[in-house]
1. Would you pick out the residues in the stretch 367-387 that are at pLDDT 95 or above and assigned to a loop (DSSP other than H, G, I, E, B)?
2. Of the conditions (1) within 14 Å of the ligand (Cβ to nearest atom); (2) part of a helix (DSSP H, G or I); (3) free of Cβ contacts under 8 Å to residues at least 60 places away in the same chain; (4) not β-branched (Val, Ile, Thr), Cys250 satisfies every one except a single condition; which number is it?
3. Name every residue in the stretch 266-281 that is part of a helix (DSSP H, G or I), out of contact with any Asp or Glu (no Cβ under 8 Å at 6 or more places or on another chain) and either in contact (Cβ under 8 Å) with a residue 60 or more places away in the chain or more than 16 Å from the ligand (Cβ to nearest atom) (or both), in order of residue number.
4. Do you know which residues across the stretch 222-233 are at pLDDT below 90 and within 24 Å of Leu355 (Cβ to Cβ)?
5. Which residues, counting only those in the stretch 120-141, are in a helix (DSSP H, G or I), touching an Asp or Glu at 6+ places or on another chain (Cβ under 7 Å) and over 17 Å from Val380 (Cα atoms)?
6. Which is surrounded by 22 or more Cβ atoms within 10 Å (Cβ to Cβ), more than 21 Å from the chain's Cα centre (by Cα) and farther than 30 Å from Lys198 by Cα, of Val339, Val333, Val383, Val403?
7. Any residue in the stretch 299-310 that is touching a residue at least 12 places away in the same chain (Cβ under 8 Å), surrounded by fewer than 23 Cβ atoms within 10 Å (Cβ to Cβ) and within 11 Å of the ligand (Cβ to nearest atom)?
8. Which of (1) of a type outside the set (Gly, Ala, Ser); (2) part of a loop (DSSP other than H, G, I, E, B); (3) more than 16 Å from the ligand (Cβ to nearest atom); (4) at pLDDT below 95 is the odd one out, the single condition Ile189 does not satisfy?
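The values are calculated or read from the model by the stated rules, or taken from the named source; none is laboratory data. Predicted model, so just to flag it, every value in this text is computed and none were measured. Cβ coordinates were reconstructed from backbone atoms using ideal geometry, including for glycine residues, and neighbour counts include every protein chain displayed.
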Amino acid sequence: MESSRVKRRRLLMVPCPYQGHINPMLHLATFLHQNGFSITIAHTFFNSPHPYRHPEFTFLPLNDSITADHVSSWDLASVLLAINENCKGSLEEAMAAMAGGDGEESSEVVCIIHDELMYYCEGVASRFGVRSLVLRTTSAATCVSRCAVLNLHAAGFEEEIPAELHPLRLKDLPLPATSDFTKFHELVINMYTITTAKAVIWNTMPWLEPSELNQIKAKFCQIPIFPIAPIHKISPTSSSSSLLKEDSTCLSWLDKQPPKSVIYVSLGSVALLTKEEVEEMGWGLVNSNQPFLWVVRPGSVRGSDAIELVLKEVEEKVGDRGCIVQWAPQKEVLGHGGVGGFWSHCGWNSTLESLSEGVPLLCRAFSGDQRVNARYISCVWGVGLTLEGELDRKEVEKVIRRVMVEEEGRKMKERAMDFKRRIEDSLKEDRSSSCDLKDR
Ligand code: UDP
């Protein structure tokens, strides 16, 4: 038992309750646990991680008061603002109990590490005199462009897009999903105007976004930044932090496919599609003649009853050439030798996971930071193509073949493999910066 050993220092880690935020936080927690810290994960009831998958951590549920209405509205900004408002008191009570208690489980917290969107933790850390660190789970380019959106909005969107945002276009900027700019403004200001955190841990590589990180350091971040990406690679772990059950049967299907032949299709944990879009995707995949592994997440299609039939028809048509699942073990899929391309919504985790495995992308961004990432993937790093505008099966078929079969796809693949090698090299070199982080 821990208590008979040297007493570990306890870290309180607070993820934002969405899959793309939970994953990097739990990977970071695994890394820090492997390096001698005790870990408490403070989480909402809404989208709670599964404690049984991580027996090495202590889990602390916080009273989030998130209602079914909040969730079904798909108004992410409102949900996030409500969590920041509602969880503070609950976390303060827990901190007071931990500070006052005795025994290993109640040991005193030495640092709070929170997701950038869980900024309420700053006030809690200050109140208890505990240091805090912020984990940024989106790209540095996203941070720069979100701040630029605030300035452009203040100028009524009449100014030119600033030169330092090149090659982003106005349509690539992470504009709020709703017309309610006030909530977006509040989130961005709170998320990036750090006053008390001791440092920022950033899930990016310094060589991947050098000018964006320099801009951030020069303009709005006076505290040290530790870029330690890709976080999922610094702490190899077999335990999954997926909220949905992963269907591993797709791995044995992949085993039977020729090397690099499969296009893996997954649009992340939040994107919503129409039935028509699913139809165009499905028939484009069928007509491309490439093997495909397609994730169709439950609830990801508006009026989803209607898509059962579409999926059944697609499955009947392709037979063994296609595999459709509800949720995949994505990191393993991307690392599988059968996969040669990734049709992605370009969430930041998916982007880093693809680069880490040398897999070129077909980018179909939906909202928020995804358009920024898609633009970098296609125009800055040259490892993908974008599929914009209304989905059309003929276009889908063509673009899949461009990525998977044609010469331009082969070149993108080579560049993606260079990224993979560079990531592997930097992971070896960066052991020292991870060590710095442990001492913070
Ligand atoms: N993911 C997964 N299985 C799937 C689809 C996604 O495990 O079938 C994981 C993926 O590996 C990534 C996360 O879910 O770590 C999605 O995060 P991302 O930032 O790419 O997108 P988001 O879901 O936040 O839009």
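1. Applying the first criterion (at pLDDT 95 or above) to the stretch 367-387 yields 369-387.
Result: Asp369, Trp381, Gly382, Val383, Leu387.
2. (3) is the only condition that Cys250 fails.
3. First, pick out the residues of the stretch 266-281 that are part of a helix (DSSP H, G or I): 275-281.
If we keep only those that are out of contact with any Asp or Glu (no Cβ under 8 Å at 6 or more places or on another chain) too, we end up with 275-279, 281.
Answer for the stretch 266-281, where residues must be part of a helix (DSSP H, G or I), out of contact with any Asp or Glu (no Cβ under 8 Å at 6 or more places or on another chain) and either in contact (Cβ under 8 Å) with a residue 60 or more places away in the chain or more than 16 Å from the ligand (Cβ to nearest atom) (or both): Lys275, Glu276, Glu277, Glu279, Met281.
4. To start, the set of residues in the stretch 222-233 that are at pLDDT below 90 comprises 222, 229.
Answer for the stretch 222-233, where residues must be at pLDDT below 90 and within 24 Å of Leu355 (Cβ to Cβ): just Ala229.
5. Looking only at the stretch 120-141, we keep the residues that are in a helix (DSSP H, G or I), and these are 120-127, 140-141.
So of that shortlist, the ones also touching an Asp or Glu at 6+ places or on another chain (Cβ under 7 Å) come out as 124, 127, 140-141.
Val124, Arg127 - these are the residues of the stretch 120-141 that are in a helix (DSSP H, G or I), touching an Asp or Glu at 6+ places or on another chain (Cβ under 7 Å) and over 17 Å from Val380 (Cα atoms).
6. Numbers: Val339 fails: more than 21 Å from the chain's Cα centre (by Cα); Val333 fails: more than 21 Å from the chain's Cα centre (by Cα); Val383 fails: more than 21 Å from the chain's Cα centre (by Cα).
None of the other options fit; the residue is Val403.
7. Yes, there is a match, as at least one residue in the stretch 299-310 is touching a residue at least 12 places away in the same chain (Cβ under 8 Å), surrounded by fewer than 23 Cβ atoms within 10 Å (Cβ to Cβ) and within 11 Å of the ligand (Cβ to nearest atom).
8. Single failed check for Ile189: (2).
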